[in-house]
1. Output the relative contact order of the range 347-502, whole-number percent, from Cα pairs under 8 angstrom with separation of 6+ residues.
2. Between Asp347 and His200, how high is the FRET efficiency from 1/(1 + (r/R0)^6) when r is the Cβ-Cβ distance and R₀ = 51 Å? Nearest 0.05.
3. Can you give me the distance in nm between label points at Ser93 and Glu255, each placed 7 Å from the Cα along the Cα-to-Cβ direction?
4. By average Cβ neighbour count within 10 Å, what is the ranking of 89-96, 281-288 from highest down?
5. Give, as a single signed number, the net charge of other residues whose beta carbon lies under 14 Å from the beta carbon of Gly176, with Lys and Arg counted +1 and Asp and Glu -1.
6. Calculated FRET efficiency, His294 and Arg359, Cβ-Cβ r, R0 30 Å, to nearest 0.05?
7. Test of understanding: what is the full-extension gain from Glu409 to Glu462, defined as 0.36 nm times their sequence separation minus their Cα-Cα distance?
8. Taking neighbour counts of Cβ atoms within 10 Å as a proxy for exposure, in what order, fewest first, do Cys36, Cys108, Cys249 appear?
Amino acid sequence: MATISELAREHTELTKEQTTHLANLVSEWGMLADLCFADLLLYVPVTGDSDNWLVVAQVRAATGQTLYISDWVGTMASNGERPLIWEAFHSRSIVEDEIFVEGIDEDCRMMAIPVVFEGEVIAILTREWSRRTGRQPGELERTYLEMFDRFADMIIHGTFPFAGRVADSSVAPRVGDGAIVLDENARVRYASPNATSALHRVGISANAVGQTLAELGVVDSSVRQAFERFQPVVEEFEQTADVTLLARCIPIVDEIDNAPLVTGAVMLLRDVSELRRRDRMILSKDATIREIHHRVKNNLQTISALLRLQGRRLESAEAKAAVAESVRRIRTIALVHETLSREPGDDVAFIEIVRPLLRLVEESLQSPDRPMRFKVVGDGGRLPATVVTPLSVVLTELLQNAVDHGFPESEGGGNVVVFLEIMESELRIEVIDDGRGIPDGFNLADQTGLGLSIVRTLVTTELAGSIVMRPATAKELKDVELTPRAGNTGTVISLRVPLNEE
Ligand SMILES: Nc1ncnc2c1ncn2[C@@H]1O[C@H](COP(=O)(O)OP(=O)(O)OP(=O)(O)O)[C@@H](O)[C@H]1O
Ligand SMILES: [Mg+2]
């Protein structure tokens with residue numbers, strides 16, 4: 001659906017500031033619709049046609065029945081509506097009359113309110129309703145309608161919507177959550193049944209009418225600030241140990257002798273205790289998960305330390321190497337848990353794992369006669385723990401292989417680059433070395449070594465991805481700034497892992 005600014009740009013001569021004023025009005029008008037129990041529509045004059053009006057926004061009341069099932073945004077005012085809108089626009093006053101609405105054979109009424117910005121009428125806000133579906137008038141209805149009229153008056157005087165940033169309306173309380181109407185001295189004139197119930201929950205059962213919120217024992221700083229600043233104020237407060245209230249106080253501002261004066265206010269009140277309790281629970285759940293990752297890491301570190309001790313007592317070089325490799329694999333997994341234990345959620349920036357992993361491999365595989373340089377290029381984005389753990393194990397094996405097989409001990413060291421990229425919900429990892437290359441006739445499927453078996457199982461089975469192992473091309477080496485020494489061809493192991501975004 002087109003936004004107000006798109007529609008305004010395309011069909012009207014409204015300036016950017018005027019459009020912003022209308023957008024501010026629309027972000028606040030849920031309250032107005034609720035106060036008048038009716039649908040509200042916003043009409044703007046169309047370029048080059050003095051009596052053609054485009055609907056740029058529409059809202060329904062949460063307190064009453066809607067007149068229109070369809071959405072009128074983007075359509076023009078009907079013949080029956082035009083005269084009223086025209087009259088309101090040119091007389092700068094509120095006009096109300098019956099209108100004929102196609103498809104609805106009952107008395108429909110429209111109230112047209114000129115929207116003024118910097119002294120100029122820029123749009124018409126209409127309230128459209130049917131008498132038949134109207135509510136039984138009681139005190140609530142009378143009070144709300146009276147408040148609606150006060151806000152309508154502010155719209156004509158250009159003082160509603162308020163200038164400046166509008167508070168996030170998605171969490172703001174609505175009229176149906178509970179409304180308290182205050183007079184010019186900030187005394188309660190009326191409290192809706194839901195507001196009364198909210199007050200009851202915090203132990204205030206006295207009749208609120210005639211008293212200030214402070215006298216009632218309700219935190220009233222939002223009211224004080226709204227009266228002082230001539231602006232709506234949102235405030236959340238813990239009224240009691242168990243009850244958290246979210247309040248929004250909207251002042252009614254009149255111009256008296258050219259000076260603004262607050263002559264009343266509407267305070268919307270919502271009990272957000274349950275919401276906040278859930279927030280706190282989620283927070284503590286996060287902390288628990290982090291703590292578990294931390295403990296898993298500690299346990300893995302203990303295991304790897306024990307294995308290392310055991311390895312030292314071994315005589316056979318082969319056994320020593322096998323244990324050392326196991327230690328490295330366990331430390332890799334420990335590292336993932338350590339990183340996860342510092343993250344608030346269950347996903348982590350992959351690069352935060354890859355960098356320390358390279359350091360780990362560097363530390364353990366480095367030797368003076370085989371100096372190795374490791375580098376990461378690119379970024380792997382944020383990945384869930386379920387992907388990160390197997391990938392880290394895979395990466396360790398590939399790095400180990402690059403060192404072991406690319407650069408035989410006697411021939412000196414070289415470079416290994418890990419290249420990361422996310423493309424079309426697929427993670428691409430390339431491990432490129434400038435070593436001597438894979439043996440002739442090498443076939444990945446035939447490999448029975450533990451390293452590549454682990455890689456194959458994790459990538460194809462656990463991650464549903466694919467592996468290709470091949471000699472590096474000259475371009476690939478150049479792209480990551482590698483120049484193999486004479487005789488070396490270099491190897492690329494290329495992994496593709498699909499990422500299923502929820
Ligand atoms: N980067 C590489 N450059 C050259 N050859 C490689 C490379 N990576 C793997 N290979 C080849 O693949 C073979 C199998 O590797 P794999 O990791 O499965 O076993 P391994 O390293 O020999 O033993 P393990 O990892 O179980 O200790 C290696 O022997 C080697 O020939
Ligand atoms: Mg290996």
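Please treat every number below as a calculation from the coordinates, not as lab data. Owing to the predicted nature of the structure, the values given are computational and were not obtained by experimental measurement. Virtual Cβ from ideal backbone geometry, glycine too; neighbours counted across all protein chains shown.
1. 25 percent
2. My answer for the efficiency is 0.70.
3. 1.7 nm
4. Ranked from most to least packed, the peptides come out as 89-96, 281-288.
5. Around Gly176, the charge tally is +1.
6. Rounded to the nearest 0.05, the efficiency is 0.90.
7. Full extension of this stretch gives 15.7 nm more.
8. The most exposed by this proxy come first: Cys108, Cys36, Cys249.
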